[in-house]
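Engineer: My questions all concern the structure below.
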Amino acid sequence: MQFKTSSKNGFSKLSALLVVLSLLVLTRVVVFTVNQQKLLRDARASQRKADVNLLISSVTQYMSDNKDTLPGANIPTAPTAALEICSSTVSATCTTAKLADLSSLTANQAYLSEIPVDPAGNSTDGSGYTIQKAADGKIVVSAPAIGKYGSYTVTK
């Protein structure tokens, strides 16, 4: 009795299926990684907006409670450029670093428990956010553009 041997060249259906499945898994991993970075970037952008809104609300509440007195003596008035807000609660550190001292907001945690720090910032003593009093008397707090983060400004 003779057996016929087959000498087909090429891929079997099983090996082709395994290649396709491997490509699908690899695609999923790449898409997940890219989406993860975008989600982190979006979360940081949302945090920056929340921080700016918290800062300006705290400053305006302080001014309301203290007869329109600013919480820091060195907050510049336009056209002078805005100053970065100091993240330290030590006034001397803020003065030495030429940063806007808002430590009166954190005194006794009356308005803030701490000065928020920009998640994208790299400043040692600064928060990454800036403050300025506009010519019309309104307060302007900003998160400057850093890398892929656009600037965000609130005026009250």
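The values are calculated or read from the model by the stated rules, or taken from the named source; none is laboratory data. Being a predicted model, the structure only gives us computed values, none of them experimental. In this analysis, Cβ positions are derived from the backbone assuming ideal geometry, glycine residues included, and neighbour counts consider all displayed protein chains.
Engineer: Given the criterion surrounded by 13 or more Cβ atoms within 10 Å (Cβ to Cβ) and either without any contact (Cβ under 8 Å) to a residue 12 or more places away in the chain or touching a helix residue (DSSP H, G or I) at 6+ places or on another chain (Cβ under 9 Å) (or both), identify the matching residue among 30, 52, 59.
Structural biologist: Matching residue, one of 30, 52, 59: 59.
Engineer: Another question about this same structure. What residue, of 95, 124, is outside any loop (DSSP other than H, G, I, E, B), surrounded by fewer than 17 Cβ atoms within 10 Å (Cβ to Cβ) and modelled with pLDDT under 85?
Structural biologist: Within the list 95, 124, the selection yields 95.
Engineer: A further question on this structure: List the number of the failed condition for residue 130; all other conditions in (1) part of a strand (DSSP E or B); (2) among the hydroxyl-bearing types (Ser, Thr, Tyr); (3) surrounded by fewer than 17 Cβ atoms within 10 Å (Cβ to Cβ) hold.
Structural biologist: (3)
Engineer: Tell me which residues, restricted to the range 127-154, are within 16 Å of residue 84 (Cα to Cα), under 19 Å from the mean Cα position of the chain (by Cα) and not hydrophobic (A, V, I, L, M, F, W, C).
Structural biologist: 127, 128, 129, 130, 142, 144, 151, 152, 153, listed by residue number.
Engineer: Has the range 80-90 got any residue that is among the charged types (D, E, K, R), more than 19 Å from the chain's Cα centre (by Cα) and not in a helix (DSSP H, G or I)?
Structural biologist: No; the residues of the range 80-90 include none that is among the charged types (D, E, K, R), more than 19 Å from the chain's Cα centre (by Cα) and not in a helix (DSSP H, G or I).
Engineer: Ok, one more. Does residue 144 fit the bill of being touching a strand residue (DSSP E or B) at 6+ places or on another chain (Cβ under 7 Å), over 30 Å from residue 39 (Cβ atoms) and not β-branched (Val, Ile, Thr)?
Structural biologist: When the stated conditions are applied, residue 144 does not pass them.
Engineer: Are any of the residues in the range 59-76 polar (S, T, N, Q), modelled with pLDDT under 90 and not in a loop (DSSP other than H, G, I, E, B)?
Structural biologist: No, the range 59-76 contains no residue that is polar (S, T, N, Q), modelled with pLDDT under 90 and not in a loop (DSSP other than H, G, I, E, B).
Engineer: May I ask you to list pairs of residues, at least six apart or on different chains, whose Cβ atoms are under 9 Å apart, with the first in the range 97-126 being farther than 21 Å from residue 81 by Cβ and touching a residue at least 40 places away in the same chain (Cβ under 8 Å) and the second being hydroxyl-bearing (Ser, Thr, Tyr) and surrounded by fewer than 16 Cβ atoms within 10 Å (Cβ to Cβ)?
Structural biologist: 111/57
Engineer: I'd like the full set of residues that are surrounded by 14 or more Cβ atoms within 10 Å (Cβ to Cβ) and assigned to a helix (DSSP H, G or I), limited to the range 98-109.
Structural biologist: Matches in the range 98-109: 103, 104, 105, 106.
Engineer: State whether one or more residues within the range 99-108 are among the hydroxyl-bearing types (Ser, Thr, Tyr), within 20 Å of residue 47 (Cβ to Cβ) and under 24 Å from the mean Cα position of the chain (by Cα).
Structural biologist: Yes; the residues of the range 99-108 include at least one that is among the hydroxyl-bearing types (Ser, Thr, Tyr), within 20 Å of residue 47 (Cβ to Cβ) and under 24 Å from the mean Cα position of the chain (by Cα).
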